[in-house]
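Below: one structure, written as structure tokens.
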Amino acid sequence: MGRRANSQLLRGFALAFLISACAPAVGSPHPTTAAPPSQVAFFILISNIDGPVVDIEVNGTIVLRSTCDPLAQSPVPEITTANRPPLPWVVRVLGADGSVLGTWTERGDIGPRTIFVRADGVREDAYGANPGPAPAPTCSP
């Protein structure tokens, strides 16, 4: 490789480093979800930012309860292929009264997912997606 090629390669690495170093500063005004679980083929993180207490059901069995954590100070609950039955999963988010707030069929073919529980509703998105506006000052009842 010549000097010019080396110089261009070094500039490319420097640019990539700068972009990656600045990326976390852009986007959501509040913390993102926890680091992904390691050594699993598929996982879902439950991020209850400012929503009500909900139960998460997988294939008809309640697997966890999620409570509001506006500042994301506690570990984000996760559902992984290591601790659940084989895919596909029918995942439901249930309100305290048993009402269904959201239902998704997870096949694991489109990558890890996050279920966001917010004051204005529940949504499922790609892992690492922007959770939306800053959390409400208090949790939903």
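The values are calculated or read from the model by the stated rules, or taken from the named source; none is laboratory data. Fair warning: this is a prediction, and the values are worked out from it, not measured in the lab. Don't worry about glycine lacking a Cβ; one is built from the backbone with ideal geometry, like all the others, and counts go over all protein chains shown.
Summary of computed values
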read-out	value
Residue tally, condition over 13 Å from Ile49 (Cβ atoms) and surrounded by fewer than 17 Cβ atoms within 10 Å (Cβ to Cβ), over region 113-126	2
Any hit, region 70-89, residues being closer than 29 Å to Ala136 by Cα, of a type in the set (Lys, Arg) and surrounded by 12 or more Cβ atoms within 10 Å (Cβ to Cβ)	no
Hey, Gly98 part of a loop (DSSP other than H, G, I, E, B) and in contact with a Ser or Thr (Cβ under 9 Å, 6 or more places away or on another chain) or not	no
Residues located in region 93-112, provided they are touching a strand residue (DSSP E or B) at 6+ places or on another chain (Cβ under 9 Å) and under 15 Å from Gly51 (Cβ atoms)	Val93, Leu94, Gly95, Ala96, Val100, Leu101, Gly102
Region 110-141, subset part of a strand (DSSP E or B), under 11 Å from the mean Cα position of the chain (by Cα) and of a type outside the set (Lys, Arg), residue farthest from Thr67 (Cα to Cα)	Ala126
Leading residue by the ranking (modelled with the lowest pLDDT) among those in region 75-108 that are β-branched (Val, Ile, Thr) and touching a Leu at 6+ places or on another chain (Cβ under 8 Å)	Val76
Residue, surrounded by the fewest Cβ atoms within 10 Å (Cβ to Cβ), within region 41-53, restricted to residues that are hydrophobic (A, V, I, L, M, F, W, C) and within 16 Å of the chain's Cα centre (by Cα)	Ala41
